[in-house]
Amino acid sequence: MKAYADSLSTRPLGLGCASLGNLYRAISDDLARETVEAAWDAGIRYFDTAPYYGLGLSERRLGDALRGRARANYRLSTKVGRLLDPDGRPDLPSERHGFHTSMPFSVRYDYSYDGIMRSHEASLQRLGLAGVDILLVHDIGRTTHGDGHAAHFRALAESGYRALDELRSAGDVSGIGLGVNEWEVCGEAMAIGQFDYFLLAGRYTLLEQEPLHGFLDDCAAHGAKIILGGAYNSGILATGTRRSPTPFYNYEPAPKSIIDRVVRIERLADTHGVTLAAAALQFPLAHPVIDIVIPGLGDPARVKQTIALHSERIPAQFWADMKAEGLIDPQAPVPWAVER
Ligand SMILES: NC(=O)c1ccc[n+]([C@@H]2O[C@H](COP(=O)([O-])OP(=O)(O)OC[C@H]3O[C@@H](n4cnc5c(N)ncnc54)[C@H](OP(=O)(O)O)[C@@H]3O)[C@@H](O)[C@H]2O)c1
């Protein structure tokens, strides 16, 4: 087995910064800065952003909040694969791709050598920082590109990977990987090069554990770690079904089958006095290949709440009952349990 990539942080919690790009709702510049500061004060030292998040807005805000802090004290990932082209149309909608943003750009996919190099340089300019630690190839795969996937993957395999590898070899970045919502494409990627991290969103959660059977072992053999995005499956595992009139699952209103399953988990959690979001946050971290979980948080109070959820003590019997009731895979590692 190869050595794993470095752990991103001593604390297995990072900040997912799609929220700083006004995903779903606009937040002010001040709130964005306060969110990053609250995360920093809570000991969070890994931040994930992307050009796509608010069409440059998240990178600008994150860079503004981090600038001046010693680069050795934190890790930062951004993404490549989407270039932001100037778009001067006067009638740009205020909401695009789910982001409430006035940034005058539109996105163009480019997974080639030149596209990746340009994207990296443009990110540094937007961030206003001298470097990023990790570059992740954003949303390559069939989920985003459908039949167009083969052509985009060919661009990555034939030239884009070389750009990433050169940046890593030159020490411009310390790690490379993919940032995706599907695990299958990570398997394809392992066949074309050596990747350090896969940011996998929403596919290893309390609601789904398919990667347990093959993929996570393949990552271990490859030496790659998982950065787990979407631990709440974009909302429902944090809000539950009772407080939120329209719980979100995979960035859309949750279907009935998912709501029904979460209702069963909520009932079991109630029996054990467990907070649903705490179980969702802690569950993936029990797997040795999962390095860090990066919930999407858009205000300081959420950051504080998240730290508490991460420390909540969950009794071993809760996990045993989750397995007994068929609510999680019987082979899934579960968090080290402390009886109350
Ligand atoms: N392809 C990729 O590379 C990819 C894809 C997806 C995600 N990601 C990364 O992963 C990060 C997290 O993913 P995500 O934001 O999509 O999904 P997520 O963390 O599963 O869910 C975020 C949602 O959960 C809500 N939430 C969080 N904590 C809560 C709490 N304690 N109580 C109630 N609601 C709570 C937030 O609501 P509020 O807005 O109300 O706080 C937010 O809408 C992203 O920011 C991004 O960095 C990467």
Hits in the range 297-313 (condition: of a type in the set (S, T, N, Q) and within 10 Å of the ligand (Cβ to nearest atom))
Gln305, Thr306
In the range 165-188, the residues that are among the small types (Gly, Ala, Ser) and surrounded by fewer than 24 Cβ atoms within 10 Å (Cβ to Cβ):
Ser169, Ala170, Gly171, Ser174, Gly175, Gly187
Could you say which residue among Gly131, Gly179 is in a strand (DSSP E or B) and within 19 Å of Cys17 (Cα to Cα)?
Gly179
Tell me, which strands (runs of 3 or more DSSP E) lie completely within the range 1-89 with 3 or more residues that are touching a residue at least 60 places away in the same chain (Cβ under 8 Å), in contact with a strand residue (DSSP E or B) (Cβ under 7 Å, 6 or more places away or on another chain) and within 16 Å of the ligand (Cβ to nearest atom)?
75-80
Within the range 182-255, helices (runs of 4 or more DSSP H) holding 1 or more residues that are touching a strand residue (DSSP E or B) at 6+ places or on another chain (Cβ under 9 Å) and within 12 Å of the ligand (Cβ to nearest atom):
184-190, 236-239
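Residues checked against (1) closer than 30 Å to Lys225 by Cα; (2) surrounded by 12 or more Cβ atoms within 10 Å (Cβ to Cβ); (3) at pLDDT 95 or above:
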site: Gly240; (1), (2), (3): yes, yes, yes
site: Arg243; (1), (2), (3): no, no, no
site: Tyr251; (1), (2), (3): yes, yes, no
site: Pro255; (1), (2), (3): no, no, yes
site: Arg264; (1), (2), (3): no, yes, yes
site: Thr271; (1), (2), (3): no, no, yes
site: Phe283; (1), (2), (3): yes, yes, yes
Filter the range 310-325 down to residues that are in contact (Cβ under 8 Å) with a residue 40 or more places away in the chain and either farther than 26 Å from Ser9 by Cβ or assigned to a helix (DSSP H, G or I) (or both), then give me how many there are.
7
Quick one: is Ala157 in a helix (DSSP H, G or I) and surrounded by fewer than 22 Cβ atoms within 10 Å (Cβ to Cβ)?
yes
Looking at Ile292, Ile328, Ile307, can you tell me which residue is assigned to a helix (DSSP H, G or I) and within 22 Å of the chain's Cα centre (by Cα)?
Ile307
Just wondering, is there one or more residues in the range 163-180 that are at pLDDT below 95, over 21 Å from Leu83 (Cα atoms) and not charged (D, E, K, R)?
no
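The values are calculated or read from the model by the stated rules, or taken from the named source; none is laboratory data. Please read these numbers as outputs of a predicted model, since none were measured by experiment. When we count neighbours, we look across all protein chains shown, and the Cβ atoms used for this are built from the backbone with ideal geometry, even at glycine.
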